[in-house]
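Worksheet: one structure, shown below.
Read-outs throughout are calculated quantities, based only on the coordinates presented, and are distinct from any laboratory measurement. Given the structure is predicted, the values throughout are model-derived calculations rather than measurements. In this analysis, Cβ positions are derived from the backbone assuming ideal geometry, glycine residues included, and neighbour counts consider all displayed protein chains.
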Amino acid sequence: MGKEIIVSGIRPTGNLHLGNYLGAVSNFVKMQHEHHCFFFIADYHSLTTHPNPADLHQNVRQVLVEYLACGLDPEACTLYIQSDLPQIPELYMLLNMHAYMGELERVASFKEKARTQPNNINAGLLTYPVLMAADIIIHKATKVPVGKDQEQHLEMARTFGNRFNRMYQQEIFPEPYAFNYGKELIKVPGLQGGGKMSKSDGDNNVINLIDSPELIRKKMSRAVTDTGPTEPNTIPSPAVQNLFDLMGLVSSQDKLSHYQERYANCSIRYGDFKKDLAEDLINYLAPAREKIEAISANNTLLKQVVERGKEKAIASAAKTIKECREAIGFRSF
Ligand code: TYM
């Protein structure tokens, strides 16, 4: 397979959790050695919720530290901060001229945000998928490692790129597709019985990469289950199914089968199941967790990574913007 262009990013909202890792970062780490990769910290995207300046900076720094702790190699990939590239807001603005209210209002993530934060339905929220498209197509990406929740945004990125090509009769942007090394995109479940692992449902719903073994044990002991199966071969409740799904992601197949059998014959003890899963989570995350502190203390390294990333990312983005400006008709005299 030839080298492709890969782009992906994460919003800086605090510590990375297992969902971010399995849905996105674990793929970044593999892809960086196989393709031309651009990975960034989506700080513009986090402005839709108006973070205060000190928190924003701290959160950007934390994602950078955790990217490096997970194994992103700034020599192998281009690692940068979204707001360091003036070409991104420029492309965002250009794409906005061909993005329509109706299609933006129909995006599931917009409808969800409009429901959960009715007092802050800002234009940035509405045009969030346009900014995300700009991030992706600015480097002409074809693959975008993301979790299942981002699939609709990728569809929009294809729409906006294709529309620009058609409008100006040029093949500037290829089509980007969501990607995961597994068979399909993944959704890592949360611990509280609901949907996906997400910070918006509280810290007890997520396992962060930085969580200590004690904290992981505590969170797992509080993970929601049910009263247990009383008849053989019943279908697990959504909360218990979530825990089986988590085990499927971090434990061995043998262990998963063991607990599935015990569930099927009603001999499962949720206490043991959750303890066992906690230990596997701890071991799974240990290599990254152990590096976080040392990297965080190395400000010189962080500064170097950000400066080098900015330079490489701008070189790529500037080329695309030049093509777009010419296509649109902005020409020099
Ligand atoms: P964000 O910051 O919400 O999440 C970052 C990445 O983590 C994945 N993820 C999950 N995957 C599986 N299960 C989960 N429970 C889970 N929770 C989070 C997300 O799918 C995502 O891949 N809009 C994006 C950030 C972004 C971006 C981009 C991504 C901005 N521009 C360009 C790719 C390309 C977001 O809010 O992700």
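What are the ³J(HN,Hα) values, in whole Hz, obtained from phi via the Karplus relation 6.51 cos²θ - 1.76 cosθ + 1.60 with θ = phi - 60°, for each residue of region 113-121 in sequence order, with x given for Gly and Pro?
Values, residue by residue: 5, 4, 6, 7, 10, x, 8, 9, 8 Hz.
Specify which residue in the list 100, 130, 119 is farthest towards the positive end of the charge dipole of region 96-135, using unit charges on the beta carbon of Lys, Arg (+1) and Asp, Glu (-1), about the Cα centre.
Positive-most Cα among the choices belongs to 119.
Report the Cys residues of the chain lacking a disulfide-compatible partner, meaning no second Cys Cβ under 4.7 Å from their Cβ.
Cys with no partner Cβ under 4.7 Å: 70, 266, 324.
Enumerate the amide H contacts of residue 196 below 5 Å, restricted to partners 5 or more residues apart or on another chain; note that Pro and chain-start residues carry no placed amide H.
It is 190, by chain and number.
Quick one: pull the percentage of alpha-carbon pairs in region 199-293 with a separation above 21 Å.
When all Cα pairs of region 199-293 are counted, 33 percent exceed 21 Å.
In sequence order, what are the phi-derived ³J(HN,Hα) couplings for region 292-304 according to the Karplus relation 6.51 cos²θ - 1.76 cosθ + 1.60 with θ = phi - 60°, rounded to whole Hz, with x for glycine and proline?
3J(HN,Hα) across region 292-304, in whole Hz: 4, 4, 5, 5, 4, 7, 9, 5, 4, 4, 4, 4, 4.
How big is Rg to Rh over region 26-145, alpha-carbon atoms, Rh as the Kirkwood inverse-mean-distance radius?
0.99
Find the relative contact order for region 219-333 and round it to a whole percent, using C-alpha pairs within less than 8 Å whose residues are 6+ positions apart.
25
Can you tell which of 15, 205, 233 shows the greatest fluctuation in a Gaussian network model of the chain with Cα springs below 10 Å?
233
Would you report the distance distribution of C-alpha pairs in region 240-333 as whole percents per 5 angstrom bin, up to the bin with the largest distance?
That works out to 3, 10, 13, 11, 7, 7, 7, 9, 9, 8, 7, 5, 3, 1, 1, 0, in percent per bin.
Using 0.36 nm times the number of residues separating residue 47 and residue 322, minus their current alpha carbon distance, what extension gain do you get?
96.3 nm
Could you derive backbone 3J(HN,Hα) for region 2-16 from the dihedral phi with the Karplus parameters 6.51, -1.76 and 1.60 (θ = phi - 60°), listing whole Hz in sequence and x where the residue is Gly or Pro?
After applying 6.51 cos²θ - 1.76 cosθ + 1.60, I find x, 6, 10, 9, 10, 9, 7, x, 9, 6, x, 10, x, 7, 6 Hz.
Could you work out which residue, out of 280, 84, 254, moves most in a Gaussian network model of the chain, that is, has the largest mean-square fluctuation with Cα springs under 10 Å?
For the chain, modelled as a Gaussian network with Cα springs under 10 Å, the answer is 254.
Amide H neighbours of residue 80 under 5 Å, counting only residues 5+ apart in sequence or on other chains, H built in-plane at 1.01 Å?
39, 40, 41
Taking the chain as a Gaussian network, Cα atoms linked when under 10 Å apart, which of 203, 43, 73 shows the biggest mean-square fluctuation?
203
For residue 141, enumerate residues with amide H under 5 Å from its amide H, sequence gap 5+ or separate chain, H modeled in the peptide plane.
Hits under the 5 Å cutoff: none.
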